[in-house]
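These notes concern the structure reproduced below.
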Amino acid sequence: MRSRLPVLRATRRYVAFMVEAEGEFEAKDLIHEIRSSQTSLFGDAGAARNRLKLISFQGGFGLLRCHGDHVQETRAALAAVYSIDGFRASCHVKGVSGTIKSATEKYLPKLRKISSENDGRRIELEEISGCIVHTHGLEIDLCPDDRDWTKGSDTRYLGLTSFDLCGGHDDADGTSDGL
């Protein structure tokens, strides 16, 4: 079977999103809830026209493929999800892109510097290293190997974000120095 010319193909958009839930769930439970909310909002015909597909879901972050003309319906379906597998949950759209590569680079966090070992997860950076105690979205609680980092405070843990791991971010004016 011959493929269609690019001008005749339907446009696709990729929606990057984040899920916050009270418990653990699988990707199949998530897509079931998204499709269920889409069907209840737009009916069977509207859900069939959108053709949602879950491309990836890992660590609370996911990527959905949808029809290019139905991006707003996809955002509404994600916003309508309130529970997944019996746990309260909410989905937040991070951004929309035309390709998987650009959606991944722009909107999904880069936690490649985190390596796992048999005794638990660790972060090894030039400035700091230690064991990951807890993760929630972009936030990481770290127990540092060097205890001087927490000297004089009430806690034993440091709070990091993906911006700390990636080397900072640009402020609203386009600079990283905050001026």
Worksheet item: Can we say Gly130 is modelled with pLDDT of 70 or more and surrounded by fewer than 18 Cβ atoms within 10 Å (Cβ to Cβ)?
Response: no
Item to complete: Identify, from the list Arg12, Arg51, Arg75, the residue that is of a type in the set (Lys, Arg), closer than 27 Å to Glu139 by Cα and in contact with a strand residue (DSSP E or B) (Cβ under 6 Å, 6 or more places away or on another chain).
Response: Arg75
Worksheet item: Just wondering, is there one or more residues in segment 24-38 that are over 29 Å from Leu160 (Cβ atoms) and touching a His at 6+ places or on another chain (Cβ under 9 Å)?
Response: no
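A quick yes/no check of all residues on (1) at pLDDT 90 or above; (2) closer than 19 Å to Glu22 by Cβ; (3) surrounded by 15 or more Cβ atoms within 10 Å (Cβ to Cβ):
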{"position": "Cys91", "(1), (2), (3)": "yes, yes, yes"}
{"position": "Lys94", "(1), (2), (3)": "yes, no, yes"}
{"position": "Ser102", "(1), (2), (3)": "no, no, no"}
{"position": "Ile123", "(1), (2), (3)": "no, no, yes"}
Worksheet item: How about segment 63-89: which of its residues are under 17 Å from Glu22 (Cα atoms) and part of a strand (DSSP E or B)?
Response: Ser83, Ile84, Phe87, Arg88, Ala89
Item to complete: Sort through Lys94, Lys28 and tell me the only one that's among the basic types (Lys, Arg) and under 22 Å from Glu139 (Cβ atoms).
Response: Lys94
Fill in: Residues of segment 23-52 classified as outside any helix (DSSP H, G or I) and loosely packed, with under 12 Cβ neighbours inside 10 Å, total
3
Discussion item. Please verify whether Gly68 is small (Gly, Ala, Ser), over 22 Å from Arg88 (Cα atoms) and in contact with a strand residue (DSSP E or B) (Cβ under 7 Å, 6 or more places away or on another chain), treating the condition exactly as stated.
Written reply: yes
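The values are calculated or read from the model by the stated rules, or taken from the named source; none is laboratory data. Bear in mind the structure is a predicted one, so any value in this text is a computation, not a measurement. A quick note on method: Cβ atoms are made from the backbone with ideal geometry, for glycine too, and the neighbour counts reach across all protein chains shown.
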